[in-house]
1. Go through the stretch 349-380 and name the trypsin sites (Lys or Arg not before Pro) that are in a DSSP coil and have 12 or fewer other Cβ atoms within 10 Å of their Cβ.
2. Binning at 10 angstrom from zero up to the longest distance, how are the C-alpha pair distances of the stretch 45-96 distributed in percent?
3. Using only Cα atoms, what is the ratio of the radius of gyration of the stretch 394-498 to 2.2 N^0.38 Å?
4. Note down the nm distance, to one decimal, between modelled labels 7 Å out along Cα→Cβ at R166 and at S303.
5. Report, in debye and to the nearest 20, how large the dipole of the chain comes out about its Cα centre when Lys and Arg carry +1 and Asp and Glu carry -1 on their Cβ.
6. Within 10 Å of each residue's Cβ, count the other Cβ atoms and sort D385, D116, D252 from fewest upward.
7. Report ³J(HN,Hα) in whole Hz for each residue of the stretch 381-393, in order, from the Karplus equation J = 6.51 cos²θ - 1.76 cosθ + 1.60 where θ = phi - 60°; Gly and Pro get x.
8. Starting at 0 and stepping by 10 Å, how many percent of the alpha carbon pairs of the stretch 375-450 end up in each bin?
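Computed from the coordinates by the stated procedures, all read-outs in this text should not be read as laboratory data. Here the structure is a predicted model, which is why all the values come from computation and not from measurement. For neighbour counting, all protein chains shown are included, and Cβ atoms are generated from backbone atoms with ideal geometry for every residue, glycine included.
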Amino acid sequence: MSNLAKWFTPTIPIIALVVACTGDTDRSNETSTTVPPDRVDAVRAWSSDIDWTDCGVALECGTFEVPFDYGDPNRGTFVLPVTRRPATSDESRIGSLLVNPGGPGGAALSYAEYADSIFGSAILDSFDIVAWDPRGVGTSRPAIDCVDTMDDYFALDPSPDDDAERNALIEGAGDFADSCRERSGDILEHVGTADAASDIDVLRRALGEETISFMGFSYGTQLGATWATLFPDTVRAAVFDAAVDPTLGYVDGLVLQAGGFERSFDTFLDWCDLQECSFIDPGSDARRSFDRLADAIDANPPSNPGRPSTTEGIMSIGISQSLYGDYSWPRLADALDAAKSGDGAGLLELYDAYFGGYDGGHRSDMLDAYFVITCADRRSSFEPDDILAQSGRLGTVAPRLGQGWTQEMLICSQWTTPPSRSIEVAAATSSRIVVVGSLGDAATPLAGTRNMVTALGNARLIVSPLEQHTTYGSDSCVTAAVEEYLVELIDGPDELVC
């Protein structure tokens, strides 16, 4: 079973860490560091203006420019698009609220365009909603691009049974990494989280704000936590919904996530037993029925005209797409039932949805950007054999789904650019940052979210009972507490359980 560690929030309808068997590969030769003083100085030495133009009803668009390398601004620049939805009340306006939807690789401009359907009236009255596409992402220029279709690699068997399948997986990961270098080589060293977080300070100053508010979802919490660590004196307020664990390296983080998806899949199978899902064999239960189905698909994948067969890899990614929230469980149950009858189209559709849709290819580059940025953020280098050696560990934490995580990790094992100097999260902000987690979050498990609270040092936690990834706008208790904090800067208990 495979799951790419996509840390996107599913809030709007338009729409990640390495060890050997002993568990210490990712911690050897780590480059994690406290904030280098010269980094902040270099960022503050750069400025950019924004020329705003009307681009829709109550919507303004512009761009700002940031250097590839703040330490050497002559190496080239990114042009980053930014969209602003002005506050609806001049009297109530507090300032700007920066929004990032996650990823890494999630284009953000829609969060301003669709602000009315995402945020409550108190937020819309009080803040200009400002969204920008981070460096290398979405419509930024230059932008990350790796491949036209994910089929060539991700339709492979993620849990090799012999040397031929093992070699195909390694070669496929190498081809994917080579294609990223060929298409995006000039920027591969300049799209890490620390660089993107530095751009936030340029944007703040371009907006004319001495302090600013931030709301990040999923990976956006890592981006926001890095920014708050680098520039704590500029943070008016910050909300991190579905926070990632900032204390783990590349593989350790993915192993944690594998366990999260396994737990969510177990909960789905429990639900299917109660709902008597149609893929369940007579006289059996959901677990044993799924295991038989998975074995059958591995042995004889259903064919799809003009596309790869619905392999174990495609099935597992399709399942993962459905575990970001229980609202997707009925569709997954139907797809599994169809696959039992030899029709893999439903699982293929879920697989395509994971990669942003299919139209003669997977044209969206959001997952291309995800792989490049997560590989840039790795704290150490490692080899394919180091990743394949994780099989036993993944099988322990996630016996049904875990082996597929090797497929993503193998891409970064082929990465040639050096590991980045990641920033150790610790934000001495004037007001406590609000961190939100949910009991049923597969992608960013609550245990890791608690580590974000501890790492920040000046933060508090809100816990939602929902079975989904990100909960602002879905859980009324979370939504009310977040909006009260953002608008009035009201503090609350160390932990609020909704």
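1. When the trypsin sites (Lys or Arg not before Pro) of the stretch 349-380 are filtered for loop state and at most 12 Cβ neighbours within 10 Å, R363 remain.
2. So the P(r) values, bin by bin, are 22, 37, 26, 13, 2.
3. Output field value: 1.33.
4. A separation of 3.2 nm, rounded to one decimal place.
5. 680
6. D385, D116, D252
7. Calculated HN-Hα couplings, in order: 8, 7, 10, x, 5, 5, 6, 4, 6, 7, 3, x, 5 Hz.
8. 16, 30, 37, 16, 2
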